[in-house]
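This report refers to the structure that appears directly beneath it.
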Amino acid sequence: MTVALVTGITGQDGSYLADRLTREGVEVHGFAREGATVAGSSLPAAVHVHQVDLRDHARVGSLVAEIAPDEVYNLGGISSVAYSWAHPAETGLVSGIGAVALFEAAHAVQEATGRRVRVVQASSAEIFGTPDRTPQDEGTAIRPTSPYGAAKAYAHQMAGIYRSRGLDVSSCVLYNHESPRRPETFVTRKITAGAARIATDGGGVLALGNLDARRDWGWAPDYVDAMVRAARHTEPDDFVVATGVAHSVEDFVRLAFSAAGIEDWSKHVEIDPRFVRPVDTAVQVGDAARARAVLGWAPTVTFEEIIEKMVENDLEQIHREVAR
Ligand code: NAP
């Protein structure tokens, strides 16, 4: 039986990956912080959860040695650019050095057992910072503009270094991906939850930052699928995972309010300078040609459908709360 280890198993992607791997009959081990709440409310009962902070590199190493996984998915870490500005050192320790501790531990298992250990690093489009070309691909210059991007860039480059040491580690350069399991600390879920609330109680205002920022938004389970394909592909590599289509935050707002039944969103949105990032990368859009050609991957859910699913979930949640 395949044994998989997933860091960040309580997060958006970790919880979808846990669902997927347990459905496939894989033995799933997950790393989670003590007291973490699970995105999507609960993990499958079959998952073995190990409590560990990714800054505790010694414990990470001993747990990896004990579990001796066939597949390792490094999804754990600080996932918010805004949080990384407030906690830059923690971001480096968790998302940068934490990833290296995991690669080192996976490499040690491979050396000890003589069996290949396949690793996937959840990298990010933020490694490109203000990109020097659009769309971005695996050859785009890495020049991050935030503590989050810098930590991810370090882990991404160390993935390449461990690959050259013989570890099968692929780095998936993920563009934004969303789902009802996103917390409201992210602008997308803040918008869908806000639109659902305003549509239900008829009032209120949603305070947002830069509406012109453009992002390439995909569906989280599709991005989890790309990571599974990368883990199981014979040749490890870097893979940009993106839809290739950019939309503005304003597009997101308009469609979310429309899905909630409100056509004139402008009466319900105000710009609050507190939510404008210190450095906001202008346009991020990825070219996933390599993932499409080599991994046979393609996104299956459109931008409009993602927003509809998120708003539908938020409306249902409000109706459930009201009915209680
Ligand atoms: P997420 O929901 O924020 O999940 C991150 C997970 O990491 C959470 O389970 C979190 O646990 C855990 N974590 C944070 N600090 C930790 C620590 N010190 N020790 C142990 N665990 C810790 O993020 P996601 O959306 O699933 O994203 C998965 C990965 O993909 C992340 O590495 C993210 O940076 C990357 N990525 C995501 C996107 C996206 O659009 N979603 C785009 C590009 C890259 P707690 O609940 O305890 O905080």
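The values are calculated or read from the model by the stated rules, or taken from the named source; none is laboratory data. Being a predicted model, the structure only gives us computed values, none of them experimental. Ideal geometry is used to build each Cβ from the backbone, glycine not excepted, and the neighbour counts take in all protein chains shown.
For the residues Tyr148, Tyr73, the requirement of being at pLDDT 95 or above, aromatic (Phe, Trp, Tyr) and not in a helix (DSSP H, G or I) singles out Tyr73.
All conditions but one from (1) in a strand (DSSP E or B); (2) more than 13 Å from the ligand (Cβ to nearest atom) apply to Phe31; the one that does not is (2). Cβ separations smaller than 7 Å between residues 6+ apart or across chains give the following pairs from the range 1-20 residues that are modelled with pLDDT under 95 to residues that are part of a strand (DSSP E or B) and away from the ligand (no atom under 13 Å from the Cβ): Met1/Glu27.
From the list Ala108, Ala46, Ala86, Ala65, which residue is away from the ligand (no atom under 12 Å from the Cβ), modelled with pLDDT of 95 or more, under 25 Å from Ala226 (Cα atoms) and more than 16 Å from the chain's Cα centre (by Cα)? Testing whether each residue is away from the ligand (no atom under 12 Å from the Cβ), modelled with pLDDT of 95 or more, under 25 Å from Ala226 (Cα atoms) and more than 16 Å from the chain's Cα centre (by Cα) leaves just Ala46. Among the residues making up the range 209-230, those that are in contact with a Phe, Trp or Tyr (Cβ under 7 Å, 6 or more places away or on another chain) and at pLDDT 95 or above are Asp216, Trp217, Gly218, Ala220, Pro221, Val224, Asp225, Ala226, Met227, Arg229, Ala230. Taken over the range 41-66, the criterion of being buried (at least 17 other Cβ atoms within 10 Å of the Cβ) and either in a loop (DSSP other than H, G, I, E, B) or not assigned by TED's automatic domain parsing to the domain that holds Glu104 (or both) is satisfied by Leu43, Val47, Val52, Leu54. Has the range 255-272 got any residue that is under 30 Å from Tyr154 (Cβ atoms) and at pLDDT below 95? No - not one qualifying residue is present in the range 255-272. Looking only at the range 178-188, decide whether some residue is free of Cβ contacts under 8 Å to residues at least 60 places away in the same chain, within 14 Å of the ligand (Cβ to nearest atom), touching an Asp or Glu at 6+ places or on another chain (Cβ under 9 Å) and not polar (S, T, N, Q). No: the range 178-188 contains no residue that is free of Cβ contacts under 8 Å to residues at least 60 places away in the same chain, within 14 Å of the ligand (Cβ to nearest atom), touching an Asp or Glu at 6+ places or on another chain (Cβ under 9 Å) and not polar (S, T, N, Q).
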